[in-house]
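For reference, the structure discussed in these notes is given below.
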Amino acid sequence: MIYLLDANAYIEAKNHYYRMTVCPGFWEWMDLQFASGQVVSIRMVFDELSNYGDALSEWVKIRQPYFIEVDDEITQEVFMEIAQFVVEHPDYTEPHISKFLAVADPWLIAKAKTLGATVVTHEVIVPSGSKKVKIPNICREFGVDFCNTFDLLEAVTAQFVLHI
């Protein structure tokens, strides 16, 4: 299984659960997952993360090869389907539509669909009638699996063990 990480999976890890100075094992694990090809992300997520000017930004910059392109024809077609769905959805409104389409989110879902991958995000499903466009709702609509970082860690049986 391939897992595609949303920007917020990296940001939440850095800011909360797996701070880079407190839990370097998580970031080392990420490197192993990148190298195995099991965990990747897309170039647009790289672009978002590399511009912050913080420790995560520096970490991401030296891992650019693990952020894949979305310029293949199949991904482009799926993106267009997602964009059309979002624009025509009766509940979604501006500025939520434009905000969703302007960032990596629809591209992440499109790439996951073409790869048969699971999207890793900390966004949660919003109820019917919501004006906001959220990754899990669009994933569900397009038959793309999604989970959060904790579900990913459990699915791949990751363990961070302290050896003293």
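The values are calculated or read from the model by the stated rules, or taken from the named source; none is laboratory data. None of these values were measured; they are calculated from a predicted model. Glycine gets a Cβ as well: all are built from the backbone with ideal geometry, and neighbour counts include every protein chain shown.
A few comments on the model shown:
- Residues in segment 22-49 that are outside any helix (DSSP H, G or I) and surrounded by 13 or more Cβ atoms within 10 Å (Cβ to Cβ) were compared, and the one that is nearest to the chain's Cα centre (by Cα) is Ser41.
- Neighbours by Cβ (under 7 Å, 6+ apart or cross-chain): first from segment 92-121, modelled with pLDDT of 95 or more and among the aromatic types (Phe, Trp, Tyr); second assigned to a helix (DSSP H, G or I) and surrounded by 23 or more Cβ atoms within 10 Å (Cβ to Cβ): Phe100/Pro106
- On the stretch given as segment 131-153, residues that are surrounded by 15 or more Cβ atoms within 10 Å (Cβ to Cβ) and outside any loop (DSSP other than H, G, I, E, B) total 10.
- Given (1) among the polar types (S, T, N, Q); (2) surrounded by fewer than 14 Cβ atoms within 10 Å (Cβ to Cβ); (3) not in a loop (DSSP other than H, G, I, E, B), index of the condition Ser128 fails: (3)
- The requirement of being farther than 19 Å from Ala117 by Cβ, without any contact (Cβ under 8 Å) to a residue 40 or more places away in the chain and in a loop (DSSP other than H, G, I, E, B) is not satisfied by Val87.
- Residues that are in contact with a Phe, Trp or Tyr (Cβ under 8 Å, 6 or more places away or on another chain) and not hydrophobic (A, V, I, L, M, F, W, C) were ranked within segment 66-91; the one that is farthest from Glu141 (Cα to Cα) is Tyr66.
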